[in-house]
Amino acid sequence: MEAASYFQSFLPRYVRNDPELLTAFGLAAEQRSAPTGGILADATDEFVLERIASAKRGLQELRSLDESRTRGDESISKQILGWYLQTIAEGEPYCWHSYPVHSRGGLSDLFLSGISQQFPLLMIQGHPLYTRQDAFDYVSRLHAVTEKFEQVETALLERERRGLPAPALVLRKAIEAMESVVALPERDHPLLVNFRHKASLIKDLSEAERTALAQMVAAAMTESVYPAYGRLVRFCRELLTRAPDSCSLSRRRGGADYYGYLLKKYTTVTTSPEELHNTARREVERISEELRAHLGAAELRGALRSTASTDSEDALLEQAERCIQRASGYLGRLVHKAIAKPVKVSPMIAHLQAFAGQGYYEQPSCLTGGYGVFHLNVSKVRPNSETLQTLTAHETIPGHHLQAVYTYERSPSLPAFRSVLPFDGYCEGWAVYAERLLAELGFYEGDARGELGRLQSDMQRSVRLLLDTGIHHHGWGAAQAAHTVREMVGDPEWLPEEIERVCIQPAQGAAYKCGELALLDLRERARTARGAEFDLRTFHHEVLEIGPCPLPLLEQVIGGGGGAQ
């Protein structure tokens, strides 16, 4: 098979037995015709093992492609896909190390992980509602959660049997998160509200059919969703009575190797955990010095606590919109082209707010009406917060939205997998790098609070890396982790949540600082190699044109001189 044909057909074939990934990747037509009926993916370890076997078959197919006829973008595509499939295959020894329930959302591309939080996101942000069949599939998916959560219970028991039970903290936070999903009555629940709104736009439904389908959704909530969550909560409470206290992977059987695997998977670099830990310490010390210079030594220990006011939610959303507008004025100094796709700010779904960070970004798609969407956690970010501008820069412009628009605009000429495969080192690294870019361009001149907010955010990402490696490599407990950070930087208000985050999702948080530092290093080497010909906008164009990829490949393609061709 020709490389171009193989790459274009790969993604639908690879995930054809996983209706949830078909949904997440925007492959609605393939989802409707999936062999599994387009409902929900299995939550079984056998399903995961089959995905790994599929990745191994994909690697064999890749190797059979004619290398001499693979050039330019096709060569980059081959390396991206090869890296991704190799990472999936290398995960085989760690299938039973994951936590099938936890309190953080996001669709997993391999292990059974956080399923109870993924389900509402799948339905509200992923499930297409354009046709009559889509509406009936929505109802079917709600009913299917019963069987899926029974499979989750089996997976949890299997991990316990293998001596790899979920830690107590993971279970406690998962229970809290699941209880929040079903805390509202069905008439007010986002799953029903979302359906009513989107079904009202389906042209081939009559008003009577919309009403009947909404009643079916409400019935599915009462008959299936609420009972399934209730049973899983009770099951997790029973597991909690015998769960281990330690969350450190280094204290679990095979955990050190698993942590090394996760670090490579998320950061895409091969730096050792000890090197990353030392890097984190240096970054914390560097930022502390900058904060002292900004505030004076006497104020440093209190600088990482918010001084925000308490205005309305509407005021916060309006301020975020103004932050986007202000940052957009700097785009001409960052890239060569204008941004064709707009971004809007929306409050985060209520039941996610207690268990999510300050916000997350949803890239443009037919499901968002072509917009990028910044889902702002209105319960954790207060109006006039000094960190709001930096948070908005991270999630929108010049962060995730700018990067996503580049990928979106190139997507018609690239294989589908180039738009959807997860590379956190690149994506989160770019967003943190983007925060610094604004400061380098003088964005915060005359805005002392804004610069303070940027330094606070930079400190948070550095402490996150310190905690991640401290807990999972050095074996810190939560108390030791908190004491170490407080000795270094005082008592930031986000510290307890950061400790929970790295316990629940090992290694993922390391991608932010690792990616930023890799991009800064690549930029400086490009600047040295190109000398007077170095242009910042051209460098950014090269990085963004490639799109999400492993950081070593980005370095290889851009290098210190010639850039992407």
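Overview of results
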| item | result |
| --- | --- |
| Residue check for Y229: crowded, with 18+ Cβ neighbours inside 10 Å, closer than 29 Å to H351 by Cα and assigned by TED's automatic domain parsing to the domain that holds Q508 | no |
| Of residues in segment 487-503 being of a type in the set (A, V, I, L, M, F, W, C) and surrounded by fewer than 21 Cβ atoms within 10 Å (Cβ to Cβ), the one farthest from the chain's Cα centre (by Cα) | M488 |
| Failed condition for T392, given (1) surrounded by 20 or more Cβ atoms within 10 Å (Cβ to Cβ); (2) within 16 Å of E313 (Cα to Cα); (3) outside the structural domain of Q460 (by TED's automatic domain parsing) | (3) |
| Members of segment 200-228 found to be closer than 14 Å to E179 by Cβ and either modelled with pLDDT under 95 or among the aliphatic types (A, V, I, L, M) (or both), listed by number | V225, A228 |
| Looking only at segment 1-25, and only at residues there that are surrounded by fewer than 18 Cβ atoms within 10 Å (Cβ to Cβ) and part of a loop (DSSP other than H, G, I, E, B), the one that is modelled with the lowest pLDDT | M1 |
| Elements of type helices (runs of 4 or more DSSP H) contained in segment 472-565, each with 3 or more residues being in contact (Cβ under 8 Å) with a residue 12 or more places away in the chain and in contact with a Phe, Trp or Tyr (Cβ under 6 Å, 6 or more places away or on another chain) | 510-530 |
| Helices (runs of 4 or more DSSP H) completely within segment 343-460 that count 1 or more residues being over 19 Å from the mean Cα position of the chain (by Cα) | 388-395, 400-410, 424-440 |
| Count of segment 65-84 residues which are part of a helix (DSSP H, G or I) and closer than 13 Å to F7 by Cα | 10 |
| Tally of residues being free of Cβ contacts under 8 Å to residues at least 60 places away in the same chain and farther than 25 Å from P128 by Cα across segment 37-60 | 12 |
| Scan of segment 232-246 for residues that are out of contact with any Asp or Glu (no Cβ under 7 Å at 6 or more places or on another chain), more than 16 Å from E158 (Cβ to Cβ) and not acidic (D, E), ordered by number | R234, R237, L240, T241, P244, S246 |
| All positions within segment 85-132 that are among the polar types (S, T, N, Q) and either modelled with pLDDT under 90 or part of a loop (DSSP other than H, G, I, E, B) (or both) | S98, S103, S108, S113, S116, Q117, Q118, Q125, T131 |
| Flag for A518 being more than 24 Å from R436 (Cβ to Cβ) and either over 18 Å from the mean Cα position of the chain (by Cα) or at pLDDT below 95 (or both) | no |
| Cβ-Cβ under 9 Å pairs, at least 6 apart or on other chains, segment 160-175 side over 16 Å from G255 (Cβ atoms), far side of a type in the set (K, R) and at pLDDT below 95 | K173/R104 |
| Which listed residue, of R410, R461, R449, is over 17 Å from Q325 (Cα atoms), buried (at least 23 other Cβ atoms within 10 Å of the Cβ), touching an Asp or Glu at 6+ places or on another chain (Cβ under 8 Å) and basic (K, R) | R461 |
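The rows are residues; the columns are (1) under 18 Å from D73 (Cβ atoms); (2) surrounded by fewer than 17 Cβ atoms within 10 Å (Cβ to Cβ).
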residue: Q505; (1), (2): no, no
residue: A510; (1), (2): no, no
residue: A518; (1), (2): no, no
residue: R523; (1), (2): no, no
residue: A532; (1), (2): no, yes
residue: L544; (1), (2): yes, no
residue: Q556; (1), (2): yes, yes
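The values are calculated or read from the model by the stated rules, or taken from the named source; none is laboratory data. As the structure is a computational prediction, the values presented were derived from the model and not from experiment. Positions of Cβ are generated from backbone atoms using ideal geometry, with glycine treated the same way; all protein chains shown enter the neighbour counts.
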